[in-house]
Amino acid sequence: MRFTSSYFHNFSAGQADFSPAVTGFYRMLRRGVVGLLLLLAALGALAQIDSIDSSLDAARLQIDKAQKIIDKPPKDPADLLPLRAQVLAAGAQADASAALLEPQLTSIQARLNELGPVTPGQLEAPEVAILRTQLNKVRAELDAQLKRARVLAVESGQTAGDISALRRSEFQARLGERTSSIMSSLFWTELKADLPGDMQRAKVLFNGLAATAQASGTRVWVSVGALVLVLLSLHWWAGQALLRLTTTRVPPGRLRRSLHAWTRVLLPTITAGLVAETVYLGLVWVVPLPEALGSLASRLAGVICFGGYVVGLGHALLLPNRPSWRLLPLPDKVALNLRWLPPFLALMIVLTWVVVRLTSQINASLVTTVAADCLIALAMAVAMGLALLRTDLTRRQALRDPVEAANWPVSPLWLSSLVALAWLGTAGSLLALLLGYVALGSFVVHQIAWVAVVLGSAYLLAVLVDDGFTTLLAPAPGTEQSLPGELIAGAAERPADAFVKIRAQAAVLLSGVGRLLVVFLTLMLLLAPFGEGPSELFERADKLQQGISIGAFQIVPLAVLQAVLIMTLCLAGVRIVRRWLKDVFLPTTSLDTGMQVWTATLMAYAGNVLALSLGLAAVGIGLERIGWVASALSVGIGFGLQAVVQNFVSGIIMLTEKPVKVGDWVSLGGIEGDIRRINVRATEIQMGDRSTVIVPNSEFITKTVRNVTHANPLGLVKILLPVPLAADVDLVRSLILEIFNAHADVVKTPAPTVELDSIDSAGMVVFNATAFVNSPRAAYGVRSALLFDVLRRLREADISLLRPAGLVLREAPDKALELTAPSPAPGPVAGPPALV
């Protein structure tokens, strides 16, 4: 113990001697560790710079190659499309490199800021100087690479734009070219001279294809044939199974028909693709195809798959064998007359692609290429014209028959316009092909077929989207679901159907958004043949992800979607909390109905403001950024919204002081009725005829209001009853009191009273009978019941209410009333006085 105490004493005494040394050693060690970590980070950044440098070099080579090709464009403008895709990929790679380099450069700059600036005339520690030098070197290299990546991204965009412009110019130039017409002898003379050489080159190509097919052997082709039969059998079985599935499992309605239509589209597409791929595998099972045929055969499967899609789409739209499942409003005769058109168009589309690729592969002469393209285009144009002609003849024949004319559907304006454009395009393409403008005529006829395929697909897809959302999100049978609008209106009347209302609104909203996306996709596909394909449009849409600058604000689409999602969730939460307050919590408090409604409404307003603030913050617009907007609007709020603010404050005063409350019977400026609801801005008053009057809250504060049920909710029943002067007034008074006291709705306190009000000049005594009931609203009904009882009891007591015919009450000279009997005067006797 003594040794320990002595040791700690010596340690405490000598602490002042070696404490600076320990502190200095600790600081040096910390600097060394931090410097080592920073140095390692800098070396890691340098290593990453090398990898980014190589990727930027590859992007530079690709962009330079594209620029050289632009200077000497290829013969086929279609070759520019993959080149543009490569340039865009190089630009995307440069953008990705810039995105990696920018945070690293920011980090290096932050580390240099931690070291602080170099003080002139003061020496730095060696390790700090080495670290500063290394960080400056890394920063310079990162900055250079970042600038290089951004330049490459800009050049990529410019080069892609040049390629698109070149594609459009070459496309327009080709459409304007004219060759010898097939109607001239010169065309056939040239074709006769060049065709043998082209056939010889094609024969060499087909010989290679035949040799490859023979190399596969008989067993392979037997297996291929068996597999094709299996695929066709599966196609038939799947069609029957899917038809039963849609009939039994899908809810009734148009969703069954739309799903059935898409099964008709997808089954031929998949079957055609699988059959083509099976044949291709049979060809290359043993020996690969020659290089000249390899790319042609591999892509042919995709073209055949598209041909199957065209066949399936046509049958899904026409459905000649199942007219009740047809979605298009087509007559049965038209559908039967057009059922041959989809397979023929599919065959021509596949044949067009094969001929174009084959003539390019064998380097065929110009006249052979033009002849093949012209013949296929003529066949398609004639087929389209024949289909239009047969449809028009069928319509004319049906309109001549009164029975068929009544059942023939009315063609809408858009359909008539499309048919007119189809006639014009078909006639124009035939004329262009016959005059020698083969490129223009072929383009027009193929564009007609492409537009028909795209619009048919868009129609089926839009119907499927609409039917899917409205059927799957619609309420169960038994609720109001005639139409979405009627469903919403019916659900709004009952709080229990709020979920039904939300589902109906979601169905309509999602259906609208889905169909809008279908419209955008349709426009992109329709613009593709004009040089503005989906790749260009998707590229422009991708640029929007970087945001749109509006003044000092940067609007990013993803941020906008995030803000919409946040606001939706917040508003839903506010609605749930408001309903819980109104229906569950506030009824358990001592607040009256008006204060409960006001509290729930005020909470809803505060929640909506909070949701709006969170949505603006998600977009990047904080509340501090809209301070200038609030200051600019303060003047407008002071003048333009003065009445709104006045009514808001008046509503708060009404709900606090409670001059009126929900359920009161009030009279204000000729308006009399029951208060049904007190809102923040206005009050709803229900009149006697069940109409509702909206009164601003300031009217209740600044004007005189008669509240019948404010302090004393009793209702007054008052009856003025005239009886003849000769009647027994005591008996009348006792009868009235007895009737009043016997009525169940007449209160005992204050007690009913019967007073003698006056004696009029006609000789009638007027009684004033008053009583009180529990509510002013019951006074009219009780008064009517009491009058019935009084009249009945007076009739039973033989007390007449008729005025005496010979008695006149007049004023005597001494101002006293006396009863005299004047001489009878001619004329009828006056009837009884009216009851008041």
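The values are calculated or read from the model by the stated rules, or taken from the named source; none is laboratory data. Being a predicted model, the structure only gives us computed values, none of them experimental. Here the Cβ positions follow ideal geometry from the backbone for every residue, glycine too, while neighbour counts run over all protein chains shown. Keep in mind that these areas ignore ligands, DNA and RNA; they rest on the heavy atoms of the full protein, side chains included. Shrake-Rupley method; radii C 1.70, N 1.55, O 1.52, S 1.80 Å.
Set side by side, the residues 275, 310, 287 differ, and just one is closer than 22 Å to residue 448 by Cβ and β-branched (Val, Ile, Thr), which is 310. Take residue 140 and decide whether it is small (Gly, Ala, Ser), open to solvent by 50 Å² or more (accessible area, probe 1.4 Å) and out of contact with any strand residue (DSSP E or B) (no Cβ under 6 Å at 6 or more places or on another chain). Judged against the criteria, residue 140 is a match.
One line per residue, one yes/no per condition, for (1) more than 37 Å from the chain's Cα centre (by Cα); (2) free of Cβ contacts under 8 Å to residues at least 24 places away in the same chain; (3) within 13 Å of residue 595 (Cα to Cα):
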{"position": "673", "(1), (2), (3)": "yes, yes, no"}
{"position": "684", "(1), (2), (3)": "no, yes, no"}
{"position": "687", "(1), (2), (3)": "yes, yes, no"}
{"position": "696", "(1), (2), (3)": "no, no, no"}
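This table checks each residue for (1) surrounded by 20 or more Cβ atoms within 10 Å (Cβ to Cβ); (2) among the aliphatic types (A, V, I, L, M); (3) within 30 Å of residue 203 (Cβ to Cβ).
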position	(1), (2), (3)
351	no, yes, yes
367	yes, yes, yes
375	no, yes, yes
394	no, no, no
403	no, yes, no
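If only residues of segment 708-737 that are part of a helix (DSSP H, G or I) and without any contact (Cβ under 8 Å) to a residue 12 or more places away in the chain are counted, the one that is surrounded by the most Cβ atoms within 10 Å (Cβ to Cβ) is 734.
Among the numbered conditions (1) under 22 Å from residue 346 (Cα atoms); (2) open to solvent by less than 60 Å² (accessible area, probe 1.4 Å); (3) within 38 Å of the chain's Cα centre (by Cα), the only one that residue 251 does not meet is (1). Residue pairs whose Cβ atoms lie under 6 Å apart, separated by 6 or more positions or on different chains, with the first residue in segment 370-389 and over 15 Å from residue 347 (Cβ atoms) and the second open to solvent by less than 30 Å² (accessible area, probe 1.4 Å) and not in a helix (DSSP H, G or I), are 374/182.
Cβ-Cβ contacts under 6 Å between residues 6 or more apart (or on different chains), taken from a first residue in segment 412-425 that is free of Cβ contacts under 8 Å to residues at least 24 places away in the same chain and of a type outside the set (Phe, Trp, Tyr) to a second residue that is in a helix (DSSP H, G or I) and surrounded by 12 or more Cβ atoms within 10 Å (Cβ to Cβ), are listed as 425/444; 425/448. Restricting 418, 386 to residues that are at pLDDT below 90, closer than 18 Å to residue 342 by Cβ and open to solvent by 20 Å² or more (accessible area, probe 1.4 Å) narrows the list to 418.
Among the residues of segment 302-324, those identified as modelled with pLDDT under 85 and part of a helix (DSSP H, G or I) are 323, 324.
Taking first residues from segment 649-665 that are in a helix (DSSP H, G or I) and partners that are open to solvent by 40 Å² or more (accessible area, probe 1.4 Å) and among the charged types (D, E, K, R), the Cβ contacts under 7 Å between residues at least 6 apart in sequence or on separate chains come to 651/681.
Against the definition (touching a residue at least 24 places away in the same chain (Cβ under 8 Å) and part of a helix (DSSP H, G or I)), how does residue 289 come out, yes or no? Write out each step before concluding.
Details: touching a residue at least 24 places away in the same chain (Cβ under 8 Å): yes; part of a helix (DSSP H, G or I): no.
No, not satisfied.
Filtered by the rule that a residue be open to solvent by less than 50 Å² (accessible area, probe 1.4 Å) and of a type in the set (Ser, Thr, Tyr), segment 199-248 gives 212, 216, 246. When 141, 124 are checked against the criterion of being part of a helix (DSSP H, G or I) and charged (D, E, K, R), a single residue qualifies: 141.
For residue 693, are the conditions met, namely being in a loop (DSSP other than H, G, I, E, B) and not polar (S, T, N, Q)?
Details: in a loop (DSSP other than H, G, I, E, B): no; not polar (S, T, N, Q): yes.
Taking the combined requirement at face value, the residue does not satisfy it.
For segment 331-344, name all the residues that are in contact (Cβ under 8 Å) with a residue 24 or more places away in the chain and in a loop (DSSP other than H, G, I, E, B).
If we filter segment 331-344 for residues that are in contact (Cβ under 8 Å) with a residue 24 or more places away in the chain, which is where we start, we get 331, 333-334, 337-339, 341-344.
Correct list: 331, 338, 339.
Return yes or no: is residue 196 open to solvent by 60 Å² or more (accessible area, probe 1.4 Å), more than 20 Å from residue 375 (Cβ to Cβ) and either outside any helix (DSSP H, G or I) or modelled with pLDDT of 80 or more (or both)?
Details: open to solvent by 60 Å² or more (accessible area, probe 1.4 Å): yes; more than 20 Å from residue 375 (Cβ to Cβ): no; either outside any helix (DSSP H, G or I) or modelled with pLDDT of 80 or more (or both): yes.
It is false that residue 196 is open to solvent by 60 Å² or more (accessible area, probe 1.4 Å), more than 20 Å from residue 375 (Cβ to Cβ) and either outside any helix (DSSP H, G or I) or modelled with pLDDT of 80 or more (or both).
So is residue 278 in contact with a His (Cβ under 6 Å, 6 or more places away or on another chain), part of a helix (DSSP H, G or I), over 18 Å from residue 461 (Cβ atoms) and open to solvent by less than 40 Å² (accessible area, probe 1.4 Å) or not? For residue 278, the condition - in contact with a His (Cβ under 6 Å, 6 or more places away or on another chain), part of a helix (DSSP H, G or I), over 18 Å from residue 461 (Cβ atoms) and open to solvent by less than 40 Å² (accessible area, probe 1.4 Å) - is not met. Residue 705 meets each of the listed conditions (1) open to solvent by less than 70 Å² (accessible area, probe 1.4 Å); (2) under 60 Å from the mean Cα position of the chain (by Cα); (3) modelled with pLDDT under 85 apart from (3). Looking for something out of contact with any strand residue (DSSP E or B) (no Cβ under 8 Å at 6 or more places or on another chain) and of a type outside the set (Ser, Thr, Tyr) - is there at least one such residue anywhere in segment 771-780? No, the conditions are met nowhere in segment 771-780.
On the stretch given as segment 581-605, residues that are within 23 Å of residue 683 (Cα to Cα) and open to solvent by 60 Å² or more (accessible area, probe 1.4 Å) total 8.
Those residues that are among the aliphatic types (A, V, I, L, M) and touching a residue at least 60 places away in the same chain (Cβ under 8 Å), I need them from segment 349-369; list them, please. 349, 358, 362, 364, 366, 367, listed by residue number.
Is it the case, given these coordinates, that residue 317 is in contact with a Ser or Thr (Cβ under 7 Å, 6 or more places away or on another chain) and aliphatic (A, V, I, L, M)?
Details: in contact with a Ser or Thr (Cβ under 7 Å, 6 or more places away or on another chain): no; aliphatic (A, V, I, L, M): yes.
Answer is no for this residue.
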